[in-house]
1. Say we look at region 102-124 and pick out the residues that are without any contact (Cβ under 8 Å) to a residue 40 or more places away in the chain and among the small types (Gly, Ala, Ser); which of these is surrounded by the most Cβ atoms within 10 Å (Cβ to Cβ)?
2. Out of region 125-148, which residues are of a type in the set (A, V, I, L, M, F, W, C) and surrounded by fewer than 20 Cβ atoms within 10 Å (Cβ to Cβ)?
3. If you go through region 67-77, how many residues are in contact (Cβ under 8 Å) with a residue 24 or more places away in the chain and not hydroxyl-bearing (Ser, Thr, Tyr)?
4. Just to be sure I understand the filter: pairs with C-beta atoms under 8 Å, separated by 6 or more residues or on different chains, first member in region 78-92 and farther than 14 Å from residue 121 by Cβ, second member among the small types (Gly, Ala, Ser). Which pairs pass?
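Only the coordinates and a few stated rules stand behind these numbers; no lab work does. Note that the structure is predicted; figures quoted are calculated from it, not measured. Neighbour counts are summed over all protein chains in view; Cβ atoms, including those assigned to glycine, are modelled from backbone coordinates with ideal geometry.
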Amino acid sequence: MDRKNRDPQIAALEAIHAALKDLDADSQKKVLSSVFALLDIHAPAGSSTTPNQSMATPQAALTSRPTSLIELMQQKSPGTNAQRIALFAYYRERVEGLSRFERDDLKGYFPKAKEPPAGNYDRDFVEAVKKGWIHEDGADSYLTSKGVEAVESGFEGERKVTKKPRKSSLKSRPKRKG
């Protein structure tokens, strides 16, 4: 059969196989996961690129319970609001199955994560974009492959800002008499 009359699905399969065959298994999974996200499709059930699988613990895999946002925050320990925003996009894609978003869509994840709202959300979102973790394109914004890697590595090599407990501004006052 000549190339013109070949089944386009077989041609696509051969092209994908040729592109992935020399990569290690982990790289193949990352590429496929990114392709699924870019095409806004879900990986087939049970495949090694199923959204929640890359962050599941062995126990979670056995019980097939999704990871909560707070659990993910505890696992990945984001230290800056830009890191938190990237993690929210990751959670939205991997757990909720929503790969596309607008800038303000991620704002609502701060209270869900029991985190104080970002003091300057737009600046922090732009920082996540500058780091290459998020591609901003209006309602078609998405977490990039670099963003996935940053979250999955627990933001390894990135600055970690720890929160200092606030001191009470109320000084010890004498009790008022009655």
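1. Here is the first cut: in region 102-124, the residues without any contact (Cβ under 8 Å) to a residue 40 or more places away in the chain are 102-108, 110-111, 116-120, 122-123.
Remaining after also requiring among the small types (Gly, Ala, Ser): 108, 118-119.
On the way: 108: 11, 118: 18, 119: 8.
My answer is 118.
2. Narrowing region 125-148 to residues of a type in the set (A, V, I, L, M, F, W, C): 125-126, 128-129, 133-134, 139, 143, 148.
Residues satisfying the conditions are 126, 129, 139.
3. 5
4. Listed pairs, sorted by first residue: 78/86; 90/147; 92/99.
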